[in-house]
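Trainee: Please see the structure below; I have some questions.
Rule-based calculations on the coordinates, nothing more; no lab input. Since the structure is predicted, the reported quantities are computational estimates derived from the model, not experimental observations. Methodologically, a virtual Cβ is constructed for each residue, glycine included, from the backbone with ideal geometry; neighbour enumeration extends over all protein chains shown.
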Amino acid sequence: MSDIIEVKHFKKRFGSKQVHKDVSFSVRRGECLALIGGSGAGKSVILRSLIGLERPDEGEIRIDGVEITKLRERDLLPVRRKVAYVFQNGALFDSMSVYENLAYPLREHTKLTEAEIRGRILGQLEEFGLSGNESVFPANLSGGMQKRVGLARAIIQQPDIVLYDEPTAGLDPYNTKRIQEMILALKAKGKTAIFVTHDMPSAFAVCDRVAMLLDGRIHAIGTREELEAAPGNRVSRFINGEEL
């Protein structure tokens with residue numbers, strides 16, 4: 001299975017703080033990789049860099065074979081059509097209804113007719129258990145529903161890769177399970193994913209491998225069984241909620 005995401009020798013400094021010292025990892029096509037690590041480790045910075053919202057100081061990022069770190073903004077557009085970013089808070093437009101939130105990227109970035117847009121939106125909402133909420137505004141949705149609408153909007157253009165930034169943060173067990181089910185359904189369709197989280201049960205429920213970001217590098221990467229096979233190491237302590 002070929003790699004669709006490749007990060008090589010990624011380095012990033014913010015002021016005097018060297019956050020990423022030398023980060024390298026890859027994600028295979030159709031795989032879900034969990035990216036874990038303590039607060040401030042720079043997990044979200046890596047996600048944002050995968051769509052060109054951040055630029056590494058050094059290193060390479062390849063998306064489906066295309067090195068993106070030096071691309072101009074307009075040249076990033078084809079990459080961004082392949083990669084969806086699911087923001088932690090949903091990032092919905094408060095002044096737009098659910099329907100208009102989902103229609104916006106389709107109107108901006110596709111040549112679909114209004115009838116085709118409507119068909120895609122209604123189908124997506126039905127798939128995610130959100131039918132009947134087309135006219136509702138985000139402020140009137142629960143936190144769990146906002147996240148589901150945010151995920152629906154992120155994938156409405158049918159990307160190949162989905163980047164999840166803490167998608168289950170702050171959710172109750174019911175809504176956490178719904179998000180897990182949605183991610184697994186997308187995975188079954190062949191979507192590649194990176195899942196940034198502190199929610200280890202969700203990471204293990206939906207991901208094939210786990211990568212731990214620690215001290216500016218990928219400290220360990222592997223399956224759950226591989227990472228748990230070395231009791232007492234820093235990865236297992238993090239997984240078990242112990243002090244690093």
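Trainee: Do the alpha carbons of any pairs in K21/K70; K11/K111; K43/K189; K43/K111; K8/K191; K82/K177 sit beyond 29 Å of each other, and which pairs?
Mentor: With Cα atoms farther than 29 Å apart: K11/K111; K43/K111.
Trainee: Further question on the same structure: Taking the 0 to 90 degree range and rounding to the nearest ten, how far is the long axis of helix 73-82 tilted relative to the main principal axis of the chain, both from C-alpha atoms?
Mentor: 80
Trainee: So, counting K/R as plus one and D/E as minus one, what does the shell of residues with Cβ under 14 Å around R55 add up to?
Mentor: So the environment of R55 carries a net charge of -1.
Trainee: Now, a different point. Treating the angle as unsigned and between 0 and 90°, give the value, to the nearest 10°, between the Cα long axis of helix 98-109 and the longest Cα principal axis of the chain.
Mentor: 80
Trainee: When DSSP beta bridges are limited to those with both residues in the chain, what percentage is antiparallel, rounded to the nearest 5?
Mentor: Expressed as a percentage, antiparallel bridges in the chain total about 55.
Trainee: Given the chain reduced to its alpha-carbon atoms as identical point scatterers, what log10 I(q)/I(0) does the Debye formula return at q = 0.12, 0.14, 0.16 Å⁻¹?
Mentor: -0.70, -0.94, -1.20
Trainee: Within the stretch 125-168, list the residues whose amide N lies under 17 Å from a label point set 7 Å along Cα→Cβ of R118.
Mentor: Under 17 Å, as judged by backbone N against the label point of R118, lie 125-126, 131-136 of the stretch 125-168.
Trainee: Still on this model: Using 0.36 nm times the number of residues separating R74 and D208, minus their current alpha carbon distance, what extension gain do you get?
Mentor: Numbers: separation 134, 0.36 × 134 = 48.24 nm, distance 3.33 nm.
Stretched fully, the R74-D208 segment lengthens by 44.9 nm.
Trainee: Relative to the first principal axis of the alpha-carbon coordinates of the chain, what is the inclination of helix 173-188, with its axis defined by its Cα atoms, in degrees from 0 to 90 and to the nearest 10?
Mentor: The angle comes out at about 90 degrees.
Trainee: Also, quick follow-up: Any chance you could run the full-extension gain for R28 through S95? It's 0.36 nm times the residue separation minus the Cα-Cα distance, nm to one decimal.
Mentor: Length gained between R28 and S95: 20.3 nm.
Trainee: With a point put 7 Å past each Cα toward its Cβ, work out how far L53 is from A229 in nm, to one decimal.
Mentor: If labels sit at L53 and A229, their model points lie 3.6 nm apart.
Trainee: A further question follows. Relative contact order of the stretch 3-239: what whole-number percent is it, with Cα pairs under 8 angstrom and at least 6 residues apart?
Mentor: In percent, rounded to a whole number, it is 28.
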